[in-house]
Amino acid sequence: MKQGEIWLVRYDPSVGHEFKKDRPAVILSSDDILNYSSLVTVMAITSNLSDCLSNDIEVIKDKTNNLYADSVIKVYHLSSFDKQRFIKKIGGVDKTALVKIKNYLKKHFDI
C-alpha cells in the first residue's frame, strides 16, 4: 500500500450517510504511517457524478486509475479502516489529483 493508490475497500457495516458496500477509495495515509499502522485513512470514490460538491475532485477513468467509469473523489468522506477491509489494489491517482487532495486536507483541518 502507498499514498495515492486506489483500493477496493469494504465499507460495510455502515450507518447513516456513510458510504456502503465495497467501493474504491484513495489512500491518504503517508507511506511512513502505512509501514507501522494497521489503520489506513482514505477518501471514498464514487461514479455518481450528479452529487458532486464544490471541493470534490473529478477523476477521468484511464489506465493509471483503472476505474470502470469517470468518478469523483468525495473529499468530505474521510475514513480510517483496518487493513483487513482492503480487498485489492485497483490503480492510483495522478500527481495533479494528489496535489488537490493535499490542498483540500490543509483546508479541511485548517493547517
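Taken together, the values in this text are just the output of simple stated rules run on the coordinates, not laboratory data. Remember, predicted model here, so these are calculated numbers, not experimental data. Every residue, glycine among them, receives a Cβ derived from its backbone with ideal geometry; neighbour counts consider all protein chains shown.
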### Task
Starting from 0 in steps of 10 Å, tell me what percent of the Cα-Cα pairs of the stretch 20-64 lands in each bin.
20, 44, 30, 6
### Message
Over 5 Å intervals from 0, what percent of Cα-Cα pairs in the stretch 5-101 sits in each interval?
### Response
2, 13, 25, 27, 20, 9, 2, 0
### Query
So which of K74/K106; K20/K95; K20/K106; K21/K74; K2/K63; K83/K107 end up more than 25 Å apart by C-alpha?
K20/K95; K20/K106; K83/K107
### Message
Among 39-48, 53-62, how do they line up by average Cβ neighbours within 10 Å per residue, starting with the highest?
### Response
39-48, 53-62
